[in-house]
């Protein structure tokens, strides 16, 4: 089985390296070619263009957003170069609408489309500890499973329609964002009342709020340190907007997402686009006059 | 050290029993006296009135709301009967404003007031596994520590002003309520899109949302079973309203709490006052046309 | 018919003067007695206490809030001094709950309670151009009509239960507040896009938004001038909170009121408690990074 | 001066007829040609295609949404057929983003782009009583003024950048939608409390809420009659979404618009897409358990 991996950013590079290390026959491509060096050292081949990387059994893409993926699939001709029967696995957090469009486009050409977005940050990608949410034709999912096993600690299959994986992934990012917003408001309240935020965090994480995410985001808020960003505010806004778009298409209101979106826009208006998205705590603090 | 325990409801009864079992010299009182039998069997004495229970070193109260506590303290004359130097420990989830009022009233009479609300449901109370959030004069907190050790698995001290314990406790209930609302919206979205809610819950709890609270509330939502209620919607509304009142007094907006409050009012308008508060999932489902 | 008028603030003083000018047999009282001079010159008598003003057929009250009215009715003994068969007309913007309490208290003593809050600012009060929203026993309303005719340009009767007048009045203040918030957001948007706010206001008031309220509040926003306050932010917050309380009691969510309340709290947190409530425009502007 | 009018829907048809009646040299086009008959009788010529209508000095378009306008401009080749120096006047409520794109596209080809969306329903269009919000190069606006005079009662110029007219128009629709939502909530409150909705409306329109829009929407709500729709819920949702998109691009949060959008989605989820947008009153009523 020949694989291609396109998109070697903060997430894609360690993922591709893991595939090379697992002895897959791997060709890689990135818009700025220097990012490939590391993966080539681990055993992969570098391709000078998308089209030259695309003559494979499975092509995996991991890019920043819808536009970057469309650039690869349409402008870069992944869609038309991929052989009949091959599989395109999109691992990026993209819109449900684009997933639907790509599923239809691949079906029309005799290739298969799998959506397999991930939960996890670059360190989890490097450790092969991602969580993978996969959807697509079941034969294609079977084929991809050994690949997923090399990339993540667990794969969840959520259906035969690729778009469902994106919907579920976006719903997860919505949940994260909404928890961050609620924590932000709680911190504003206790800080203004005179409670030490670090002691407050100990209490939260020592009682009911035991998932690591509470410690992760709570620490950033208690320290008021949003640089370097684990996940940038503007990407958070992008994902919450994608969740709202998907919900709109399904005729489902998401009032908490709407509220979070408004606060994220406010964060951008105050120059926090490159802060970690836990900087929502600063918006809540400001609204409280802190 | 002589103790009194006033209020033997679903929470108070097992708590008092644990104190009796721990060999504290204990007198108990409840509005409907029959609730005392069980605790008396475990070694406590029953008092026929608040005043007759109040000649102790430490009087603990555990009642439903502000009105019930005021009935004990003022109408029932706990305040005037409690000896100088004694301590009143309020373990109920009451308003920050009442905590301030009681702290002042006790200080004026030479007794001490400690707020020590708890996290945990009746089963945790029975197992002595509550989390206790305590605030008040530090000497009084020291005196109470052995009592807290018999009731809970861990005590968090959050300051010398009793009201801070109530504020922190209310902020915790606000966080719970807001997570329930966000989960409710996420379930509405994925259900309408055709994802199986139980599989979705497996995915959430298997990835980032690992705290038991996600499984607890997610299961109720996936099963759509809100009876019997672990925590009733109308009590949830009471607590979110108390959090908003405390935040208003501190001049802190809590937009997510406002939103949750509106949805809880809608739940009451639809007859769900005695459902578990996770029935917010039904409000989200209804708004999505499910 | 003997009248008393209690409460000679910015609204009450011109109202009482109009009653004196209309040749009603009038006795007045105010907490700070100097405010009575002007009305005495117009023909009224000043009473040194509430009780000495209360031996009348109709006692009108016009005070700042619930607490001030309770101080007159209970502490000042209006309730017990008022003769059997007499009428208490409360013209303040008070809570629905207090209206219910006063209606019951008066009924128990054989006097009648009428709620008759008003729309209009001090200049309208001086000109006898108030709008009066009245509710109460219909015989009492009949008796009061000549009084209302001396105070306002039109009286609307909304039922036999006094509380309905307060509910309707609060709903009106909620509508005003929500329009102010929406205007605030619209101004933030067009200002940030580079449209001149005064030209924008001309357009709004020249097309669909023709009621004087749009010009009144729009001008304050376009000028960014919130002093002197026509209606203070903190009183706006009080009224929106009363509307939310009344809606809560009726099990009706008011999501726009919740949102406005949050923004008003933010305004207070930023020191704008004594600005005109149209200073919500500055909160919207700030959230937009202006 | 030769004119073309493209798009003869409920708004476009009476507008084109007014231009014919005003003796402009007019050629018209509509996707379904039968709609042109009426205007032809009034003196216009019908063109069989966009391109054949486009050899004019000023081409006016009035269509349902962005997609319909792009179909005319790009697929239908209005852009490339319009002579150098000619003007395209877009009178539809379209996105700010499309206005920017069209302004750039026309500038690149030597034609001019004017945005001139309108306030007013079909009856105002028929009566030549529209309000026109115009923006674009000032020479082009001068040229168009006689056309606008034949279509509307007043033209407001809001700048040299066409997009500003769309932004202002969308802000106006946002204001309308937000007033409808607030009215909806107020009606839910007073109805549940037992106030007659028609009497309530008399009170509102007889006091502060005197603009015709309050009577228009208030009557629909008091009568609970949403058919036939003056403006459909789904078009309201489209416009509120466009306002939010424009605000997002300008980094301005519009919290009331977010809230209205959520309620409109709920209305669609309950099958009200073709009701008048004042059916938001039914969503508020339902949330109140009415």
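Structure summary
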item	result
Odd one out for residue B:219 among (1) within 13 Å of another protein chain (Cβ to nearest Cβ); (2) in contact (Cβ under 8 Å) with a residue 12 or more places away in the chain; (3) over 17 Å from the mean Cα position of the chain (by Cα)	(1)
Selection within the range C:13-26 - crowded, with 21+ Cβ neighbours inside 10 Å and part of a strand (DSSP E or B)	C:26
Test: residue D:164 is within 7 Å of another protein chain (Cβ to nearest Cβ) and within 16 Å of residue C:190 (Cα to Cα)	yes
Residue among C:152, C:128, C:136 that alone is touching a residue at least 60 places away in the same chain (Cβ under 8 Å) and in contact with a strand residue (DSSP E or B) (Cβ under 8 Å, 6 or more places away or on another chain)	C:128
Total residues in the range A:184-203, condition within 29 Å of the chain's Cα centre (by Cα) and within 7 Å of chain B (Cβ to nearest Cβ)	3
Check on residue A:112, under 22 Å from residue A:26 (Cα atoms), in contact with a strand residue (DSSP E or B) (Cβ under 6 Å, 6 or more places away or on another chain) and either modelled with pLDDT of 95 or more or within 14 Å of chain B (Cβ to nearest Cβ) (or both)	yes
Residue check, residue C:159 on the phi > 0 side of the Ramachandran plot, within 11 Å of another protein chain (Cβ to nearest Cβ) and surrounded by fewer than 23 Cβ atoms within 10 Å (Cβ to Cβ)	yes
Only listed residue being buried (at least 23 other Cβ atoms within 10 Å of the Cβ), outside any helix (DSSP H, G or I) and not assigned by TED's automatic domain parsing to the domain that holds residue D:119, chosen from D:228, D:253	D:253
Residue match in the range A:271-281 (condition: more than 18 Å from the chain's Cα centre (by Cα), free of Cβ contacts under 8 Å to residues at least 60 places away in the same chain, crowded, with 18+ Cβ neighbours inside 10 Å and more than 26 Å from residue B:172 (Cβ to Cβ))	yes
Evaluation of residue C:179 against (1) more than 18 Å from residue D:210 (Cβ to Cβ); (2) surrounded by 19 or more Cβ atoms within 10 Å (Cβ to Cβ); (3) more than 14 Å from chain B (Cβ to nearest Cβ); (4) at pLDDT 95 or above (one fails), failing number	(1)
Residue under evaluation residue D:246, criteria (1) outside any loop (DSSP other than H, G, I, E, B); (2) within 14 Å of chain B (Cβ to nearest Cβ); (3) surrounded by 22 or more Cβ atoms within 10 Å (Cβ to Cβ), criterion not met	(2)
Complete set of residues in the range D:279-290 that are more than 7 Å from every other protein chain (Cβ to nearest Cβ) and in a loop (DSSP other than H, G, I, E, B)	D:290
Residue in the range B:143-153 that is buried (at least 21 other Cβ atoms within 10 Å of the Cβ), closer than 30 Å to residue B:204 by Cβ, within 12 Å of the chain's Cα centre (by Cα) and at pLDDT 95 or above present	no
Residue match in the range B:34-42 (condition: in a loop (DSSP other than H, G, I, E, B) and either surrounded by fewer than 21 Cβ atoms within 10 Å (Cβ to Cβ) or more than 23 Å from the chain's Cα centre (by Cα) (or both))	yes
Selection count, the range D:182-202, where residues are under 17 Å from residue C:211 (Cα atoms) and surrounded by fewer than 24 Cβ atoms within 10 Å (Cβ to Cβ)	2
Those residues of the range D:51-67 which are in a helix (DSSP H, G or I) and surrounded by fewer than 22 Cβ atoms within 10 Å (Cβ to Cβ), in sequence order	D:51, D:52, D:66, D:67
The range C:261-278, residues that are away from chain A (no Cβ under 14 Å) and closer than 25 Å to residue D:250 by Cα	C:278
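Residue by residue, here is whether (1) out of contact with any helix residue (DSSP H, G or I) (no Cβ under 6 Å at 6 or more places or on another chain); (2) assigned by TED's automatic domain parsing to the domain that holds residue A:115; (3) modelled with pLDDT under 95 holds:
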site: A:12; (1), (2), (3): yes, yes, no
site: A:17; (1), (2), (3): no, yes, no
site: A:24; (1), (2), (3): yes, yes, no
site: A:29; (1), (2), (3): no, yes, no
site: A:33; (1), (2), (3): yes, yes, yes
site: A:39; (1), (2), (3): no, yes, no
site: A:45; (1), (2), (3): yes, yes, no
site: A:54; (1), (2), (3): no, yes, no
site: A:57; (1), (2), (3): yes, yes, no
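The values are calculated or read from the model by the stated rules, or taken from the named source; none is laboratory data. Computed from a predicted structure; not experimentally measured. No Cβ is skipped: glycine too gets one built from the backbone with ideal geometry, and neighbour counts run over all protein chains shown.
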